[in-house]
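The values are calculated or read from the model by the stated rules, or taken from the named source; none is laboratory data. Here the structure is a predicted model, which is why all the values come from computation and not from measurement. Ideal geometry is used to build each Cβ from the backbone, glycine not excepted, and the neighbour counts take in all protein chains shown.
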Amino acid sequence: MLPPEAAPPAIDDLAPLPESEIESGARNAIPDDEPAQDDTDELFEALARAPSATAARPIVARIQRKWMRSGSATVDLLMLRAGTAMKAKDNGLALDLLDMVTRLAPDYAEGWNRRATVFYLKQDFGRSVADIERVLALEPRHWGAMSGLGIIMRRLDRDEDAMRLFEEVLKIHPASENARKAIEDLAAKSAGSPT
């Protein structure tokens, strides 16, 4: 039996897009006015310099939209349907769809990330961790996947590992309120204070 988790970071850290964007669909979440060139490195630099969560929000949204781009209409449709299934809490259907995504597009990090989320929701932490490792191999700066791994480490009472992961998240996304709160809670727990 896993220990209860005190004040976990938001489950949103495991899912790359806000619920409203998942609901509107993967293709609708990517505006046509996005630059065609790959400015991902510049966006991550801007994210690291963002002075507040409010200032970081549009940068986060642009990075997440880039992560959602699979380059395949079929994969985009499967991701859209998987998002709809997740919203309806039909994790079995979501998992079937995401299995297909990872087979069709094994180098598409967001497919693995979304599937890791479903495994987490099913409390299949071993498979979730395996998928998160694949995400991080494909995109080492994926703070959502890193946060997800931190959440799992907390659930498994591996607080030191969780702390290191959330510290890494803050190096990439310093304005992450969820990571900051997790670190505060873990530090308080380590010091013996109630969280």
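Quick notes on this one:
- Residue in the range 66-81 that is of a type in the set (S, T, Y) and surrounded by fewer than 15 Cβ atoms within 10 Å (Cβ to Cβ) present: yes
- Per-region count, the range 37-70, residues closer than 22 Å to L80 by Cα and either at pLDDT below 50 or outside any helix (DSSP H, G or I) (or both): 2
- Among the candidates A61, A55, residue that is under 16 Å from the mean Cα position of the chain (by Cα), aliphatic (A, V, I, L, M) and surrounded by fewer than 21 Cβ atoms within 10 Å (Cβ to Cβ): A61
- Filter result for T117 (modelled with pLDDT of 95 or more, within 15 Å of the chain's Cα centre (by Cα), closer than 23 Å to P140 by Cβ and among the β-branched types (V, I, T)): yes
- Filter result for the condition that a residue is among the aliphatic types (A, V, I, L, M) and more than 29 Å from E45 (Cα to Cα), over L170, L165, L104, L149: L104
- One residue stands out in the range 177-195 among those that are of a type outside the set (A, V, I, L, M, F, W, C) and touching a residue at least 60 places away in the same chain (Cβ under 8 Å): the one that is surrounded by the fewest Cβ atoms within 10 Å (Cβ to Cβ), namely T195.
- When D96, D124, D90, D157 are checked against the criterion of being more than 28 Å from R57 (Cβ to Cβ), in contact with a Pro (Cβ under 7 Å, 6 or more places away or on another chain) and not basic (K, R), D157 stands alone in meeting it.
- Residue satisfying condition, being in a helix (DSSP H, G or I), in contact (Cβ under 8 Å) with a residue 12 or more places away in the chain and surrounded by fewer than 20 Cβ atoms within 10 Å (Cβ to Cβ), within set V129, V118: V129
- Residue match in the range 107-126 (condition: within 20 Å of M146 (Cβ to Cβ), out of contact with any strand residue (DSSP E or B) (no Cβ under 6 Å at 6 or more places or on another chain) and basic (K, R)): yes
- Whichever residue in the range 164-185 is farther than 18 Å from P51 by Cβ and of a type in the set (D, E, K, R) and, among such residues, is nearest to the chain's Cα centre (by Cα): E168
- Flag for D107 being over 13 Å from the mean Cα position of the chain (by Cα), touching a residue at least 24 places away in the same chain (Cβ under 8 Å) and not in a helix (DSSP H, G or I): yes
- Filter result (surrounded by 17 or more Cβ atoms within 10 Å (Cβ to Cβ) and free of Cβ contacts under 8 Å to residues at least 24 places away in the same chain) within the range 137-163: L149, M153
- Hits in the range 103-115 - residues which are farther than 20 Å from I152 by Cα and either buried (at least 17 other Cβ atoms within 10 Å of the Cβ) or hydrophobic (A, V, I, L, M, F, W, C) (or both): L104, A105, Y108
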